[in-house]
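The values are calculated or read from the model by the stated rules, or taken from the named source; none is laboratory data. Predicted model only: the values in this text are computed from it and were never measured. In this analysis, Cβ positions are derived from the backbone assuming ideal geometry, glycine residues included, and neighbour counts consider all displayed protein chains. Please note that ligands, DNA and RNA were not included when accessible areas were found on the heavy atoms of the full protein model with its side chains. Shrake-Rupley method; radii C 1.70, N 1.55, O 1.52, S 1.80 Å.
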Amino acid sequence: MSKSGKRKRWLLAGLAGLVAGFSLMIVLNTFYVRSSSNEACMMCHSHPDSDASWKQSVHYSNGSGVVTDCADCHLPPEGSVKHFAAKAKTGMKDVWSYLTKDKDKIDWESKSQLEYAVNIVYNESCTACHVNLFPEGITDDGVTAHLYYEENVEKLDLQCISCHLDAGHYNPGYKHTRMTGQPETGGGEIYSGAASVTAFEDFTETIPGTSASIRMVAVPGGTFKMGSPENEPFRRSDESPQREVSVSSFFMGETEVTWDQFWAFYGETMSEGRIPPEVVYFNNSREDVDAVSGPTPPFGFPDQGWGMGERPVITLTHYSAETFCKWLSMKTGRHYRLPTEAEWEYAARGGTSTPYFFEGSPRKYSSRGLWRGLFGADTSVINSYVVYAGNSRSRTKEPSEVRANPFGLKNMLGNVMEYCSDWYAEDAYSHIQDGAVDPKGPESGTEYVIRGGLYTDDAADLRCAARSHTEHDAWLKTDPQNPKSIWWYSDVKGVGFRVVCEVPEGISVQ
């Protein structure tokens, strides 16, 4: 073949390659565009309400008429390597889930919570669209919050969705502005006086001037081993050494303090505006006053939209819990307080010495490990007593959902973490002597003990001996106020408390 013929052949081959390459680019681009469309997303994402909730959100239904598509939020901005990598990874995961998972068995409620959302929404995509953080119509609270964000963005490591969970998918139970007014409570009879307590037995405390009451359980004193033995599965070092201690008799709330009970306190004592914390601390610490200053309004719906009533009060600080106890003492004439750590564990065990107050090993109930991940944990017993990751659907539940422990107390494990009066120390038990009576924790500290675990915990973390503590600064990370709230936490949900009442003088506990 002549040189000119070879050149023509190579030229034709090159042109054919260019055409094929160009055609392939068109096909791939078409696939890329169509696979990023809302319709393509909906093909795999079979969430029963995702389409409807998206079309009710401000990203779809707004005054400008601009529609924010699924990929705009759930992928990094276009044109970056991260965008294509995330698209490939997400696409393969979505197709696999579509082919292998039963949509009717998926816990959709948990996937609407912030803990899940932060993993599928990209902050850089939010800021790429919302260049102006101070648009027309923004409230004063919004300006304050966005200024706080701009000034502390690196330190806080925040995502926009942390405060705007309902922007992409409408959630009628979510709100991120200051609460106005007082939520409605269960109503009912307004009590004129506190309950009459003449014997060491269960009673219902009636709070004068309110319609709220608290069921109190008589917990007989006794001796028990505080902490966990070395062979207990999943134990941690701060649960040792085990100490045999004695606890005096006391009354304890049958359940965690509920929203109805807390709103009675809030409605009677709430602080208008922003009273300086130092003034509140001073007034509430005095013993010669007959009233307390109560909480300022929280941001949004502090119940996270899950419902109030008999569900446990959440998102409040240790100081709020202590002040509630002081108010309750003033209203009833009895001494109410938070339980010590020893009282709490004694009450949780209910006279047992096993990891839980019901039968079964933590290894049996825990979902940790490859084996449990493949075949699942045994839930036949624990589901009856505990609200936890295995049955909560990522939210708190009412006391009627579980059975009581041997002392008649409900939700001692799971549902919400519960404040104790003790300061936390990892080595606290090493400073307690065997035979101690009514031991208390360190005289000072930076964080408080919390016990019982919460609704998103694995069974391994819900053992009677399991300990944890507050994380005060981290739990206030997104609070834009200066000074930050002393009443409400902005970055933790599952923390609450239950009350203890000391046995009045003259009542026999024999």
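Some values worked out for this structure:
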{"quantity": "Residue in region 166-180 that is at pLDDT 85 or above, farther than 23 Å from Ser57 by Cβ and open to solvent by 30 Å² or more (accessible area, probe 1.4 Å) present", "calculated": "no"}
{"quantity": "Any chance Thr379 is open to solvent by 20 Å² or more (accessible area, probe 1.4 Å), of a type in the set (S, T, N, Q) and at pLDDT below 95", "calculated": "yes"}
{"quantity": "Hits in region 447-465 - residues which are surrounded by fewer than 20 Cβ atoms within 10 Å (Cβ to Cβ) and among the acidic types (Asp, Glu)", "calculated": "Glu447, Asp458"}
{"quantity": "Residue list for region 253-282, restricted to those being modelled with pLDDT of 90 or more, assigned to a helix (DSSP H, G or I) and either farther than 15 Å from Gln182 by Cβ or in contact with a Leu (Cβ under 8 Å, 6 or more places away or on another chain) (or both)", "calculated": "Phe262, Phe265"}
{"quantity": "Among residues of region 107-137, those that are assigned to a loop (DSSP other than H, G, I, E, B), surrounded by 14 or more Cβ atoms within 10 Å (Cβ to Cβ) and of a type in the set (S, T, N, Q), counted", "calculated": "1"}
{"quantity": "Some residue of region 186-196 being open to solvent by 60 Å² or more (accessible area, probe 1.4 Å), modelled with pLDDT of 95 or more and closer than 30 Å to Asp461 by Cβ", "calculated": "no"}
{"quantity": "Any hit, region 466-475, residues being closer than 30 Å to Ile161 by Cα, modelled with pLDDT under 95, of a type in the set (S, T, N, Q) and open to solvent by 10 Å² or more (accessible area, probe 1.4 Å)", "calculated": "no"}
{"quantity": "Test: residue in region 96-113 that is farther than 26 Å from Gln304 by Cα, at pLDDT 85 or above and in contact with a helix residue (DSSP H, G or I) (Cβ under 6 Å, 6 or more places away or on another chain)", "calculated": "no"}
{"quantity": "One residue from Glu343, Glu426, Glu359, Glu418 being open to solvent by less than 50 Å² (accessible area, probe 1.4 Å) and either among the hydroxyl-bearing types (Ser, Thr, Tyr) or more than 17 Å from the chain's Cα centre (by Cα) (or both)", "calculated": "Glu343"}
{"quantity": "Any hit, region 293-308, residues being hydroxyl-bearing (Ser, Thr, Tyr), modelled with pLDDT under 95 and more than 30 Å from Tyr170 (Cα to Cα)", "calculated": "yes"}
{"quantity": "Any chance Ala145 is touching a residue at least 24 places away in the same chain (Cβ under 8 Å), under 22 Å from Arg498 (Cα atoms) and open to solvent by less than 50 Å² (accessible area, probe 1.4 Å)", "calculated": "no"}
{"quantity": "Condition broken by Thr144, with the remaining ones in (1) over 30 Å from His335 (Cβ atoms); (2) in a loop (DSSP other than H, G, I, E, B); (3) of a type outside the set (A, V, I, L, M) satisfied", "calculated": "(2)"}
{"quantity": "Residue in region 73-102 that is farthest from Arg395 (Cα to Cα), counting only those that are among the basic types (Lys, Arg) and open to solvent by 100 Å² or more (accessible area, probe 1.4 Å)", "calculated": "Lys82"}
